[in-house]
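Beneath this line is the structure, given in structure tokens, with notes to follow.
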Amino acid sequence: MAKVNISLDAELVVEVMVLAGVGSPQDAVEAVVRDYIARGHRTEARVQRQDEQRRATDSLPPRPEG
């Protein structure tokens, strides 16, 4: 896998290390990126389910009244 080198503010990285409970800056940044990606996937799945429910409701024939 390709690697990317970036510069980050040391205080930010230390805070992430403490919050994530990891011992290295590399692990801290990877944890944040993986969490961000997972959150995006969960959001996409939730929106897709809501859209499917709306489509299913919209495609139902109207209920008879009377």
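Coupling constants for region 13-24 follow from the phi torsions by the Karplus curve (6.51 cos²θ - 1.76 cosθ + 1.60, θ = phi - 60°), and in residue order they are 5, 4, 4, 5, 4, 5, 5, 7, x, 10, x, 10 Hz; glycine and proline get x.
What is the magnitude of the charge dipole of the chain about its Cα centre, with +1 placed on the Cβ of each Lys and Arg, -1 on the Cβ of each Asp and Glu, and no other charges, expressed in debye to the nearest 20?
Details: 9 positive and 11 negative charges, 77 e Å.
Charge dipole of the chain: 380 debye, to the nearest 20.
Packing, as the average of other Cβ atoms within 10 Å across residues, places the peptides 23-33, 2-12 in the order 23-33, 2-12, highest first. When a 1.4 Å probe is rolled over the protein heavy atoms, the share of accessible surface on the chain that falls to carbon and sulfur comes to 56 percent.
Translational diffusion coefficient, Stokes-Einstein: compute it for the chain using the Kirkwood radius over C-alpha pairs as Rh, at 20 °C and 1.002 mPa s, and state it as an integer in µm² s⁻¹. Let's see the in-between values first.
Values: Rh = 15.6 Å.
Value of D from the Cα-based Kirkwood radius: 138 µm²/s.
Among G40, A28, S7, whose Cα lies farthest out toward the positive end of the dipole of region 7-46, if unit charges sit on the beta carbon of Lys, Arg (+1) and Asp, Glu (-1)? With unit charges placed on the Cβ atoms, the residue in question is G40. Using the Cβ-Cβ distance between V13 and A38 with R0 set to 25 Å, the FRET efficiency from 1/(1 + (r/R0)^6) comes to roughly 0.80.
The values are calculated or read from the model by the stated rules, or taken from the named source; none is laboratory data. Everything numeric here is computed off the predicted structure, so don't read it as measured data. Please note: Cβ atoms are built from the backbone with ideal geometry, for glycine as well, and neighbour counts cover all protein chains shown. Calculation scope for accessible area: heavy atoms of the full protein, side chains included, ligands and nucleic acids excluded. Shrake-Rupley method; radii C 1.70, N 1.55, O 1.52, S 1.80 Å.
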